[in-house]
Amino acid sequence: MLVACLRGRQSGSAAAALLHSPARLHLTFVAAAAALAAVPLFVLWSRTRRRHVHFEIPPGLGGGALRRTIAALTWGHVVEGNSVEIVQNAGFFAAFIDDVGRATHHVHLETFLWMDGEVSDHVVAALCAAARRGIEVRVLVDQRGGKTTSPTVWRTLRDAGVDFRVYHRARARELGWYNNRDHRKIVVVDGRIGYTFGHGVADMWGAGRGGGWRDTAARLQGPIVGELQMAFLENWMKVTRRALVGDDYFPRLDATGTTPMHVAWAAPPETPSAVQRLFYLAIASARREIILQNPYFIPDRHAVKLYADAVARGVKVQLMLPTSGTSDFPIVQHASHYYYGPLLRAGATIYEYTRSGIHQKVLIIDREWCTIGSTNFDPRSFRINDEISVAVYDPDVANELAAAFEQDIHGAEEWTLQAWNTRTFAHRITDRLSVLVKRQL
């Protein structure tokens with residue numbers, strides 16, 4: 001018995017020695033570190049997760065009731081009495097610079113991408129000239145979108161008196177927000193003229209010569225401009241911690257036309273953002289036709305079902321996207337390709353624009369109303385970025401955009417289900433791998 005006890009003690013001592021060996025201690029430390037690291041990752045995931053909402057539109061809901069419903073469900077309201085001018089391609093820069101030249105009080109510009117070149121030179125010259133004649137000029141550029149721009153550009157703006165700011169810099173105190181990018185495109189001149197657009201300040205949009213990427217902007221006048229001003233000042237306050245108040249920024253705006261509009265830009269936590277709700281409600285409301293032109297298209301399964309349900313109730317669904325060769329992010333287009341199959345099987349028509357990059361964010365519903373703005377049809381725009389889209393309830397505008405789409409078809413190639421099914425093995429693998437990181441694309 002004594003021998004057995006001694007043996008037991010020796011065995012216990014050996015186990016204890018093993019437990020406290022350097023190797024075992026290392027493994028224990030690694031496990032503990034992994035557990036601690038998992039906690040903030042889980043908290044971050046739960047904080048950024050948004051719950052899906054089912055959007056169902058009663059068949060008889062239309063007209064003013066539909067407008068008011070969609071606006072309310074996107075944290076907005078329908079604004080009457082506006083006018084809109086559609087500006088295509090590089091014509092946006094000419095129109096914008098012309099309005100800057102006529103400004104009497106302020107110019108506000110919020111954008112994502114800014115790159116050195118001829119377009120940048122023209123925009124900088126116009127903004128500096130306005131600032132030198134006493135106009136308040138404020139420019140807000142996303143840090144990631146402007147990271148390749150020469151510091152000389154920013155110095156030139158500031159030296160001329162432009163209040164230039166950067167959104168979410170790459171610094172420690174903003175690290176938790178760094179992945180949230182400001183992708184909005186907004187211009188407000190004197191609180192009376194507004195633009196929403198897809199363009200960046202870069203030469204791929206044509207350097208003012210009418211060439212370059214396909215893109216679309218809307219020049220707005222009327223009470224709706226106050227909504228664009230509010231959206232701009234929301235992010236301006238985040239960066240500067242200063243509110244701009246008074247009639248100079250929010251003047252009384254009389255009716256300039258008869259077009260009802262509403263603006264979607266809010267992105268509260270947990271639920272789908274306003275821009276995602278706007279897109280999904282629009283698709284769910286369609287009764288005859290859906291036309292989408294968008295450069296970055298990565299639908300989730302709910303969006304695929306919305307499109308399939310639309311086709312099933314007799315809606316003609318047409319999508320126009322870039323090719324992987326003309327897209328500035330081919331990985332996004334490969335992720336899009338992964339979803340072509342289900343959409344084509346459901347009966348959607350998919351075109352890829354081949355003449356150049358395609359960058360407009362246009363959605364047309366039944367040729368009765370449309371949306372235009374900065375929002376891509378992908379998880380980053382819907383869940384992470386700050387975006388803005390304007391709903392325009394005007395058949396004339398919707399038909400003008402539909403006519404532009406039909407012209408673009410001449411420069412596009414249609415995908416078929418057979419073409420999708422016969423993709424090469426390498427193409428299929430690239431598509432599948434791209435989808436794995438779709439939430440950050």
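The values are calculated or read from the model by the stated rules, or taken from the named source; none is laboratory data. Note that this is a predicted model, so its numbers are computed, not measured. Please note: Cβ atoms are built from the backbone with ideal geometry, for glycine as well, and neighbour counts cover all protein chains shown. Surface accessibility is based on the protein's heavy atoms, side chains included, excluding ligands, DNA and RNA. Shrake-Rupley method; radii C 1.70, N 1.55, O 1.52, S 1.80 Å.
For segment 314-322, the condition of being open to solvent by 20 Å² or more (accessible area, probe 1.4 Å), farther than 30 Å from Leu228 by Cβ and at pLDDT 95 or above holds for at least one residue.
Counting only strands (runs of 3 or more DSSP E) that sit wholly inside segment 86-203, those with at least 1 residues that are closer than 29 Å to Ile224 by Cβ and among the polar types (S, T, N, Q) are 106-111, 193-197.
This table checks each residue for (1) touching a helix residue (DSSP H, G or I) at 6+ places or on another chain (Cβ under 7 Å); (2) among the hydrophobic types (A, V, I, L, M, F, W, C); (3) surrounded by fewer than 17 Cβ atoms within 10 Å (Cβ to Cβ).
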site	(1), (2), (3)
Tyr296	yes, no, no
Tyr307	yes, no, no
Gly325	no, no, yes
His334	yes, no, no
Arg345	yes, no, yes
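May I ask you to verify whether Gln276 is open to solvent by less than 20 Å² (accessible area, probe 1.4 Å), of a type in the set (S, T, N, Q) and over 23 Å from Leu436 (Cα atoms)? No, not satisfied. Within segment 79-110, the residues that satisfy the criterion of being within 15 Å of His122 (Cβ to Cβ) and open to solvent by 40 Å² or more (accessible area, probe 1.4 Å) are Ala94, Ile97, Asp98, Gly101. Is it the case that Arg138 is farther than 24 Å from Ala217 by Cβ and either modelled with pLDDT of 95 or more or crowded, with 18+ Cβ neighbours inside 10 Å (or both)? Considered against the rule, which asks whether it is farther than 24 Å from Ala217 by Cβ and either modelled with pLDDT of 95 or more or crowded, with 18+ Cβ neighbours inside 10 Å (or both), Arg138 comes out as no. The set of residues in segment 204-260 being among the hydroxyl-bearing types (Ser, Thr, Tyr) and within 24 Å of the chain's Cα centre (by Cα) consists of Thr216, Thr240. Within segment 386-423, the set of residues being in contact with a Ser or Thr (Cβ under 8 Å, 6 or more places away or on another chain) and of a type in the set (Gly, Ala, Ser) comprises Ser389, Ala391, Ala404, Gly411, Ala412. As a summary of the residue check, Asn421 satisfies the conditions (1) in contact (Cβ under 8 Å) with a residue 40 or more places away in the chain; (2) surrounded by 14 or more Cβ atoms within 10 Å (Cβ to Cβ) except for the one numbered (2).
Of the residues that make up segment 397-408, is at least one more than 25 Å from Leu278 (Cα to Cα) and in contact (Cβ under 8 Å) with a residue 12 or more places away in the chain? No; the residues of segment 397-408 include none that is more than 25 Å from Leu278 (Cα to Cα) and in contact (Cβ under 8 Å) with a residue 12 or more places away in the chain.
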